[in-house]
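The values are calculated or read from the model by the stated rules, or taken from the named source; none is laboratory data. Because the structure is a prediction, the values reported are computed rather than measured.
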Amino acid sequence: MLPRGGPRSYYITLAIASCAVTSLGINTINQRDTHKAERIRLTTKQSVLRELVERYRRGEHVPDNEEQRLLRLADLRRKNEPDEQKTTVMEAIFGRQAPPEDEERELQKLREFWEEGLREDERQKSTLS
């Protein structure tokens with residue numbers, strides 16, 4: 001028996017219901033995959049940190065570069081370690097803006113190089129004369 005609105009409203013109701021069920025299914029699968037990836041990430045983090053703690057407890061010397069690698073793998077950083085800067089698309093295309101103090105140092109180096117070149121040129125001219 002069809003609803004009061006006729007066959008059109010019946011099919012519209014079925015379409016909306018099927019979209020809702022499909023949407024719930026897709027969201028459930030996405031949530032499951034997200035939780036699985038998070039669980040794997042946390043398990044990896046935990047195992048790396050356990051290994052590092054065991055090595056410290058045994059009194060083993062861990063080189064700084066290996067410690068940094070393990071902490072990066074565990075996604076932990078020392079408090080005084082600066083965060084990595086994110087590169088934007090504009091910086092990738094046009095390059096990163098240099099800080100003013102770097103520009104000033106570069107200009108000073110270029111001036112010294114230019115003056116040294118002029119002095120060298122003067123020396124060569126005087127030896128040729």
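Just checking, which of Q68, Q108, Q97 is farther than 30 Å from K45 by Cα and modelled with pLDDT of 85 or more? Spell out the reasoning first.
Details: Q68 fails: farther than 30 Å from K45 by Cα; Q97 fails: modelled with pLDDT of 85 or more.
Among Q68, Q108, Q97, only Q108 is farther than 30 Å from K45 by Cα and modelled with pLDDT of 85 or more.
When the range 111-129 is filtered for residues that are among the polar types (S, T, N, Q) and at pLDDT below 80, only S129 remains.
What about K45, is it of a type outside the set (A, V, I, L, M, F, W, C) and under 20 Å from the mean Cα position of the chain (by Cα)? In short, yes. Take T34 and tell me if it is assigned to a helix (DSSP H, G or I), modelled with pLDDT of 90 or more and not aromatic (F, W, Y). In short, yes.
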